[in-house]
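The values are calculated or read from the model by the stated rules, or taken from the named source; none is laboratory data. Keep in mind it's a predicted model, so treat the numbers as computed, not measured. When we count neighbours, we look across all protein chains shown, and the Cβ atoms used for this are built from the backbone with ideal geometry, even at glycine. The accessibility values were calculated without ligands, DNA or RNA, using every heavy atom of the protein model including side chains. Shrake-Rupley method; radii C 1.70, N 1.55, O 1.52, S 1.80 Å.
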Amino acid sequence: MYGPGGGGEGGSGSMKRTPTAEEREREAKASHCRAPTGFDRAASEKASRGQKLRLFEELEDTWLPYLTPKDDEFYQQWQLKYPKLVLREAGAVPEELHRDVQAAFATLHQHGCLARDLVRIQGKDLLTPVARLLVGNPGCTYKYLSTRLFAAPWPARGSSVTYHAAEIAAACQTLLSLNGYLQLETAQAWEELVAKERANIDEVPVCIGPDFGLGIFDGPDEADIRSRSAYNVTLLNFMDPRKMPHLKEEPYFGMGKMAVSWHHDENLVDRSAVAVYSHSCEGPEEESEEDSPLEGRDPDTWHVGFKISWDIETPGLVIPLHQGDCYFMLDDLNATHQHCVLAGLPPRFSSTHRVAECSTGTLDYILQRCQLALQNVGDVTDSGGVALKSLEPAVLKQGEEIHNEVEFEWLRQFWFQGSRPRKCTDWWCEPMARLEEMWRRMEVATNGVLQEVRREGVPVGQRNAMVTAILASLTARQTLRREWHARCQSRAARSLPADQQPQCRPYWEKEDPSMPLPFDLTDVVSELRGLLLEPTP
């Protein structure tokens, strides 16, 4: 047995490192951590970079300590500092569910449904080392690192989904069954946590074995607990470390290669749980060819690491993940702690079930927003334009903001992923066509506003009010169109397989007669700014 700083296999407090100046600068600038729920993206990344820089200054050349199950203090530390982290051992999960889930992983992988994401970090497009697929309630999306994923719908009650293959349909049904199972297990784990807190029992962490059992939770918190474990999506992950030779080294503890860097899961319902099913693919017995310098975890085994955010006093926790193990992050653990995934040797799948914050992320939501904007659009005029029902600045401003929302948060996000959202099913095709048609009507409406602004005889005060109402949205639209167009032409985008390469859509040439306004709004924005500068008579 060993402890942190004791020189044994798990304690790393006395280990030294000498990072290069380039490494320190890169780590200070890089921020691969995803912002906690509710955080502003730009502010979060700026704060994270500052915290990283200060952390490196405090660390100097010393690794922080971390614990593995081989350490005497491991379980005590888990109980004291990580009580809302729960492990469910593979042996406690029904064998039939294991077989079905692992077959579902293989099916979706064989059909090419999982792919690496082209995400946006600090203004740069980066390809994730992990291939992913979102599956969930019909019409749900999940956004991370400025990338909106569109859920391949599982066959929820009341929905009608046609899959491209019977095997894909069976796989999505299995993931729905796993989701239901993990919901029940999460509620049980939460009940255990609540009971321990009420009884103030000092025990080892909740490591659930095959004989684990709990009564039905009853009390005023039941509805809240169940709502915070009502998983509406699962994000599937796959990585084969043998095909990723340049994985990033864990920078604080010396834990080794990371498949996923330190982060909080983002865009989740506040204090909701996350449940993860882990599956390392079996193969012939093999070990790393190189001798590992690590004195802690076994580098051939996948692990999940946890640490308290920006805390250099509390040892980190590293938990080995065996085939079929599940772990749960309860309550505010995701907000107060960060976690990373440490790569092992074999390929690995995981299914990460979460309660995505979908108040602005469902198909129903964006359809309602579009309908709201189009309420101001009247009949088609003789010239082919539209009559606007109201020229009130607040109404015009709202319409242009929704115009931007549907274009940049939905249409461009969807087509930027190439054919990926259509690998399992064409379910999203009809809704996206409908959204694009609504967007086209908004283009006509914007042109109608510009015609009113240019119309002779409009009082200067009224004209300036209309210009002020729409100028910020049109300026943002021009900037974002240019950015999305450039992203589609980036080196990272061109490196993707043909069916995954981004499409810049909507896009049209300058003289396209079907479009009332140009794709490039530079001249329009300049004109509006000029109108505001004209002297008042």
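Numbers for the structure displayed
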item: Selected residue [out of contact with any His (no Cβ under 9 Å at 6 or more places or on another chain), assigned by the TED database to the domain that holds PHE238, among the aliphatic types (A, V, I, L, M) and more than 30 Å from LYS397 (Cα to Cα)] from LEU333, LEU345; result: LEU345
item: For LEU64: the one exception among (1) out of contact with any helix residue (DSSP H, G or I) (no Cβ under 8 Å at 6 or more places or on another chain); (2) modelled with pLDDT of 95 or more; (3) open to solvent by less than 20 Å² (accessible area, probe 1.4 Å); result: (2)
item: Region 160-189, subset open to solvent by 30 Å² or more (accessible area, probe 1.4 Å) and hydroxyl-bearing (Ser, Thr, Tyr), residue nearest to THR107 (Cα to Cα); result: TYR163
item: Test: residue in region 405-425 that is in contact with a Leu (Cβ under 7 Å, 6 or more places away or on another chain) and of a type in the set (Phe, Trp, Tyr); result: yes
item: Top-ranked residue of region 473-491 - restricted to ones that are under 22 Å from PRO518 (Cα atoms) and of a type in the set (Ser, Thr, Tyr), ranked as least open to solvent (accessible area, probe 1.4 Å); result: SER473
item: Those residues of region 372-382 which are touching a residue at least 40 places away in the same chain (Cβ under 8 Å) and part of a helix (DSSP H, G or I), in sequence order; result: ALA373, LEU374
item: Members of region 306-322 found to be surrounded by fewer than 24 Cβ atoms within 10 Å (Cβ to Cβ) and among the small types (Gly, Ala, Ser), listed by number; result: SER309
item: Among residues of region 70-124, those that are open to solvent by 30 Å² or more (accessible area, probe 1.4 Å), in contact (Cβ under 8 Å) with a residue 40 or more places away in the chain and acidic (Asp, Glu), counted; result: 4
item: Any hit, region 270-277, residues being part of a loop (DSSP other than H, G, I, E, B), buried (at least 21 other Cβ atoms within 10 Å of the Cβ) and either hydroxyl-bearing (Ser, Thr, Tyr) or modelled with pLDDT under 95 (or both); result: yes
item: Any hit, region 323-340, residues being over 20 Å from LEU178 (Cβ atoms), assigned to a helix (DSSP H, G or I), of a type in the set (Val, Ile, Thr) and open to solvent by 10 Å² or more (accessible area, probe 1.4 Å); result: yes
item: Total residues in region 352-372, condition in contact with a helix residue (DSSP H, G or I) (Cβ under 7 Å, 6 or more places away or on another chain) and buried (at least 18 other Cβ atoms within 10 Å of the Cβ); result: 5
item: Selection count, region 353-371, where residues are closer than 21 Å to LEU411 by Cα and in a loop (DSSP other than H, G, I, E, B); result: 5
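Results for (1) surrounded by 13 or more Cβ atoms within 10 Å (Cβ to Cβ); (2) of a type outside the set (Asp, Glu); (3) assigned by the TED database to the domain that holds GLY112, shown as yes or no for each residue.
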residue: ASN464; (1), (2), (3): yes, yes, no
residue: LEU471; (1), (2), (3): yes, yes, no
residue: LEU496; (1), (2), (3): yes, yes, no
residue: GLN500; (1), (2), (3): yes, yes, no
residue: GLN503; (1), (2), (3): yes, yes, no
residue: ASP523; (1), (2), (3): no, no, no
residue: LEU533; (1), (2), (3): no, yes, no
